[in-house]
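Q: My questions will all concern the structure given below.
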Amino acid sequence: MPELARWQREHAGELEIAVIASGDPEHNRAKASEHGLGRVLLQSEHEVSDAYQAAGTPLAVVIGYDGAIRSPTVGGAEAITTLVAQATRPVLAVRPPAPSANGHANGGGAASVRPPRDRSRVGEPAPDLVLSDLDGARVALTDLYAESTLAIFWNPACGFCQRMLDDLKAFEDDPPDGAPRIIVISAGEPDAVRPQQLSSLVLLDPEGAAMRAFDAHGTPMGLLVERGRIASRVAAGADAVFELARSSAP
């Protein structure tokens with residue numbers, strides 16, 4: 001809660017942080033006052049959590065200026081901290097481009113706005129890890145970097161992954177010319193992933209070591225690797241992952 005209060009102060013006007021709480025109003029008011037926390041909203045039971053498929057606490061999701069969901073739902077302090085950092089830099093498309101005199105973001109008043117510092121890892125060597133496939137064989141990621149690779153971070157129990165599944169399988173069946181090779185780096189046990197019948201190489205990341213190494217703190221997310229180096233920012237959500245896959249094709 002102190003961290004939430006600090007984010008509310010530091011990102012005021014840039015990112016609105018609303019806390020959805022349950023329970024007694026007076027208890028919540030006392031806690032909010034203790035930590036200097038503003039914008040605490042009470043749900044009667046679990047209606048908001050259910051609407052966002054947020055089964056547990058703490059969980060967080062980013063909503064864009066257009067009212068659209070702009071991130072996967074992530075859980076835990078570390079993942080939420082990362083989501084806040086991403087939402088305040090141009091990784092998640094939270095803020096629309098500034099309007100300009102010619103109707104584009106590259107003219108008029110936009111030229112006077114200093115672009116945010118690029119804190120991505122583009123150009124750095126891709127992590128060197130060894131993971132197991134669904135049959136238990138050990139696979140070194142460096143052996144996969146010889147060709148353009150799209151790593152998709154996955155969780156078979158994630159609702160956003162489940163919604164993306166049919167489109168991902170269709171993409172696997174008919175990729176555009178020049179599309180990168182897909183590897184799926186998945187949480188969960190083999191028996192949880194195998195029924196989804198992905199044709200791409202699936203590597204298991206039960207402890208989340210690969211996700212942390214790639215700075216991906218939610219699912220579905222993805223990024224490109226070219227010639228052994230990170231070639232894109234982390235894309236969050238199905239639309240951004242597919243856009244990344246298609247934009248990399250000539």
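What follows draws every value from the coordinates through simple rules; no lab data is involved. Values in this document were obtained by computation on a predicted structure and should not be read as measured data. Note that each Cβ is placed from the backbone with ideal geometry, even for glycine, and that neighbours are counted across all protein chains shown.
Q: If you count the DSSP beta bridges with both ends in the chain, what percent of them are antiparallel, to the nearest 5?
A: 60
Q: Turning to a different aspect of this structure: Length gain on complete extension for the stretch Ser148 to Ala85, per 0.36 nm per residue less the alpha carbon to alpha carbon distance?
A: 19.9 nm
Q: If you look at just the Cα atoms of the chain, how large are its Rg and its Dmax in Å?
A: 19.9, 60
Q: Size of the dipole of the range 130-247 about the Cα centre, Lys and Arg at +1 and Asp and Glu at -1 on the beta carbon, nothing else charged, in debye to 20?
A: The calculated dipole for the range 130-247 is roughly 340 debye.
Q: Report, for the range 130-247, the % of DSSP beta bridges that are antiparallel, rounded to 5.
A: The answer is about 60 percent antiparallel.
Q: Right, next: Just name one of Ser44, Ile80, Ile20: the one whose Cα is farthest towards the positive end of the charge dipole of the range 2-87 (beta-carbon charges, Lys/Arg +1, Asp/Glu -1).
A: Of the candidates, Ile80 comes out farthest on the positive side.
Q: Can you order the peptides 27-39, 211-223 by their average number of other Cβ atoms within 10 Å per residue, highest first?
A: 211-223, 27-39
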